[in-house]
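What follows is calculated from the coordinates using simple rules that are stated; it is not laboratory data. All of these numbers come straight from a predicted model, not from anything done at the bench. FYI the Cβ positions are ideal-geometry reconstructions off the backbone, even for glycines, and counts take in every protein chain you see.
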Amino acid sequence: MMFGRTRALAASLLLGLFLAPAQAAAEPAPTEAKPAAGAPLAKPAPGAAETLSMLNSLGHAWAWRSYKARFVTDQGRVVDTANGRISHSESQGYGMLLAVAAGDRDAFQRIWNWTRANLMVRDDALLAWRWEPDKRPAVADMNDATDGDILVAWALVEAGEGWADEGYRLAARRIAVDIARRTVLFRTEGPPLLLPAMSGFSAEDRPDGPVINLSYWIFPAFPRLAAVAPEFDWDRLGAAGRDLVLRARFGEAKLPTEWISMRGGQPQPASGFPPHFSYNAVRLPLYLAMAGIGERRYYEPLLALWSEPDPAGLPIIDTESGSVAGRMAEPGYAIIPALAACAVAGAPLPAGLQDPAADENYYPATLHLLALTAANMRYRPCLGR
């Protein structure tokens, strides 16, 4: 999902684009058994972390109640409070994931019902990316946002496994199949690439295309999508993303920009976008940690950037000049550096970050709860447990 100032710039690429229908997909066999909460779901590949169930993994009932009261309407719309109170596929997917992590099936079903009714309005199984409460029609742009599609599909897999509901798994499969068919470039030469949307970012759409956003590689989701759409090589897609985390390091700080041109196979900051490490890219260490990836090399530039905590907030870095272009000032963002240090070195999460603030906006609040979920699932010693 595009966030903050970046979202408005990217949106101009996405307006008015309508998509072709997807082919029908075969459905998977029913799930045989319900896994225990937090238990491994499958034997991992050599060198990979275990795939764990998210059900009941948040471990913080008060934080979920507060989040739900502030951001989830009675109808199941997850509200982006810092962005005109819109909703989008990203917010719905995050809300569904957190509902599973909180073990709140009623909230999950309400969020999923609203998502189906309001965002699944295309001719395929992907979601329209933006819903505006003060506009009619509320969905003016039929393009998707691939990270939102992935989040919703991932949440449905978690719900299907955790609550033994085959309907959720079948819905997840339909979305996963169209993600793979329509937004992943599975190339015969070179690694696969994940486009940020079906339209607007390919080599046909942009002179510097294909253009990618590394924060759309949601690493913990790929093994789960493989469970419902095994005919696609999700492992290879994840490996391509991890490789790009190491290669897409720009400027003296060696940080990724939000938007990256892959024309010619060599990552470069994409044209037409500020060359910033900002609100999108800050999710990279979160997704790496949630996937159980703790090798220091993936986090090294970020650990250097965040080596000294700054009460003003996490810096937004202009990779071209090396200057600080702004701050992510809300307190929830501070858990991302703490989780990275935990995943790499086992550093304890500061006690002040283990209780989310009750007055921050949707996006930092969401990242905060996801980071606590990751810590509770994979890094409990960092919580002092």
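General observations
- Note on the stretch 232-292 and the stretch 165-223: Cα centroid distance 14 Å, given to the nearest whole angstrom.
- Between the amide H of I316 and those of A325, G326, R327, M328, distances stay under 5 Å, these residues lying 5 or more places away or on another chain, with hydrogens modeled in the peptide plane.
- Residue-span extension gain [R236 to L303] - 0.36 nm each, minus C-alpha spacing: 21.5 nm
- Sites T73 and D123 - FRET efficiency at Förster radius 35 Å, r taken between beta-carbons, to 0.05: 0.80
- Checking every one of the trypsin sites (Lys or Arg not before Pro) in the stretch 96-187 against DSSP loop status and a limit of 15 other Cβ atoms within 10 Å picks out K135, R187.
- Separation of alpha-carbon centers, the stretch 47-78 and the stretch 119-140, rounded to whole Å: 24
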